[in-house]
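The structure appears below as structure tokens.
The values are calculated or read from the model by the stated rules, or taken from the named source; none is laboratory data. Bear in mind the structure is a predicted one, so any value in this text is a computation, not a measurement. When we count neighbours, we look across all protein chains shown, and the Cβ atoms used for this are built from the backbone with ideal geometry, even at glycine. The protein model used for the area step is the full one, side chains on, heavy atoms only, and it has no ligands, DNA or RNA in it. Shrake-Rupley method; radii C 1.70, N 1.55, O 1.52, S 1.80 Å.
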Amino acid sequence: MMRNHITSKSIHMLAALLVSMCFLSCGGYDSPLSGHSFEDLTFGPEQSYQEIDLGGQDVKNISGKTTASWCQAYASEGKVIVVVLDNQTYDDRTATVTLTDIEGGDVITFNVTQKQNNVVLFDAEKNTLDAAGNCLLTVPAGGGSYDVVYQTNVSPEESLPDVDWITTSRTRGLHEQTASFIVAANPDGEKRQAVVTVKDASTGIEGKIIVTQLADTYIRFDDDVLRVGADGGTFVIDVYANIDFICETVGLHNWVAIGSQNSLGSYHYTQTVTVSPLPAETDSRTCELSFHRYSDLSFYNNLTILQSR
């Protein structure tokens, strides 16, 4: 009888112990997600991450999943970490994050929004681009009106360089826009270059249009022949040139002396020459004058002096 009593008492004690352990293990678990509500997160277009602090609690039972491959979420060291990849698209995008406590069953969801990749793009099929994607616009010396087509998902404005030979007209369109400007004729002997910047004021996103204008180099005269009488004399030749030049005789002609050169402005010069009297035994003679760049004979124009009786 005593043996049966002890056995029955032991069974009751064991049952009470099991109930207590079940209560502690099942009813006493406090989920790290319990009592939390997460705000939606917003990211810029670049790859980055944000952390949500869970107060240092044990998060080994927290799993995270998202509705988009560009967004990942996981729990580690008392935090939830949300990671997004670079947004190489030209629109905002959104994913939903679901956090689940696999032990306690708590579930929390929130949204992640990543901003668009802001760009100013020049169409390579319609424009010539350099390695950086800038538009290269080369215009003739005579200037003219030119349209540069580009694509954007922001609201840029053209920022003109501090020059007086490029003026802009309106920018039109929404996503595909056209920058229109007028290039004046180039009166100089050298090509020139300036940069038009297409920039969004709010984001700072910009593209560059590099404008290179070619030059028509010229040296001209009112008449290509200077006719001189037998008595000779000093004469003034009107020269029109958009480069610096010098005047020299072609060959040895000691009866022609090169005089002074003067600038009258607006690419108008005068060149004086002195011609000796024609010898009595000579009916006529000629001398070629070469007007060319300093130390550069690759560009020139010649004028003929014809002396006769």
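3J(HN,Hα) along the range 279-286: x, 4, 7, 10, 7, 7, 7, 10 Hz, from the Karplus curve 6.51 cos²θ - 1.76 cosθ + 1.60 with θ = phi - 60°, whole Hz, x for Gly and Pro. The 3J(HN,Hα) values that the Karplus relation (6.51, -1.76, 1.60; θ = phi - 60°) gives for the range 204-213 are, in residue order, x, 5, 8, x, 10, 10, 8, 9, 10, 10 Hz. Gly and Pro appear as x. For Kirkwood radius over Cα pairs in Å, the choices are [x] 20.0; [y] 28.3; [z] 21.1; which was calculated from the structure? Evaluating Kirkwood radius over Cα pairs in Å on these atoms matches [y].
Going toward the positive end of the dipole of the range 171-309, with +1 on Lys and Arg Cβ and -1 on Asp and Glu Cβ, which of ALA280, ALA215, SER308 do you reach last? It is ALA215, whose Cα lies furthest towards the positive end. At a 1.4 Å probe, what is the % contribution of carbon and sulfur to the accessible area of the chain? Answer for the chain is 50 percent, counting heavy atoms of protein chains only. Taking the centroid of alpha carbons for each part, the range 224-248 and the range 273-308 are 8 Å apart. Highest average first, the peptides 184-192, 149-157 ordered by how many other beta carbon atoms sit within 10 Å of their residues are 149-157, 184-192. Taking all protein chains as shown and a probe of 1.4 angstrom, SER266 keeps an accessible surface of around 110 Å². Potential lengthening of the chain between ALA257 and GLN50 amounts to 66.1 nm, from the contour at 0.36 nm per residue minus the alpha-carbon distance.
Can you give the accessible area per residue of the range 146-229, in Å², using a 1.4 Å probe?
Details: 4570 Å² over 84 residues.
Here the per-residue accessible area is 54 Å².
How large is the helix-only mean residue ellipticity at 222 nm for the chain, computed as the sum of -39500 (n - 2.57) over DSSP H runs with n ≥ 4, divided by its residue count, in deg cm²/dmol to the nearest 500?
On the way: 1 runs with 21 residues, N = 309.
That calculation yields -2500 deg cm²/dmol at 222 nm.
Ranked by the mean number of other Cβ atoms within 10 Å per residue, highest first, peptides 131-144, 207-220 order as 207-220, 131-144. Listed by chain and number, the lysines whose alpha-carbon sits under 20 Å from that of LYS208, ignoring those within fewer than 8 places in the same chain, are LYS126, LYS191, LYS199. Extending 7 Å from Cα along the Cβ direction at ASP91 and again at GLN116 yields two label points whose distance is 1.0 nm. Take the Cα of GLU77, step 7 Å toward its Cβ, do the same at LYS191, and the gap between the two points is 5.7 nm. For the range 154-165, 3J(HN,Hα) computed residue by residue from phi via the Karplus equation (6.51, -1.76, 1.60; θ = phi - 60°) reads 10, 10, x, 10, 6, 10, 7, x, 7, 9, 9, 9 Hz, glycine and proline entered as x. Could you pull out which residues in the range 36-78 have an amide N less than 16 Å from a spot 7 Å beyond the Cα of VAL107, following the Cα-Cβ vector? Flagged as within label range: 38, 62-67. Counted over the range 30-183, the DSSP beta bridges are approximately 95% antiparallel. Ranked by solvent-accessible area (1.4 Å probe, protein heavy atoms only, all chains present), the residues HIS36, HIS292 order from largest to smallest as HIS36, HIS292. Taking Cα atoms only, the orientation of helix 2-22 departs from the longest principal axis of the chain by about 20 degrees.
Here the Kirkwood formula puts the hydrodynamic radius of the range 77-187 at 18.2 Å, using every distinct Cα pair. Working from label points 7 Å from Cα in the Cα-to-Cβ sense, the THR304 to HIS36 distance is 9.7 nm.
Remark: the range 27-122 carries 55 Å² of accessible area per residue (probe radius 1.4 Å; ligands, DNA and RNA excluded).
In summary, the lysines within cross-link reach of LYS65, defined as a Cα separation below 20 angstrom excluding same-chain residues under 8 places away, comprise LYS79.
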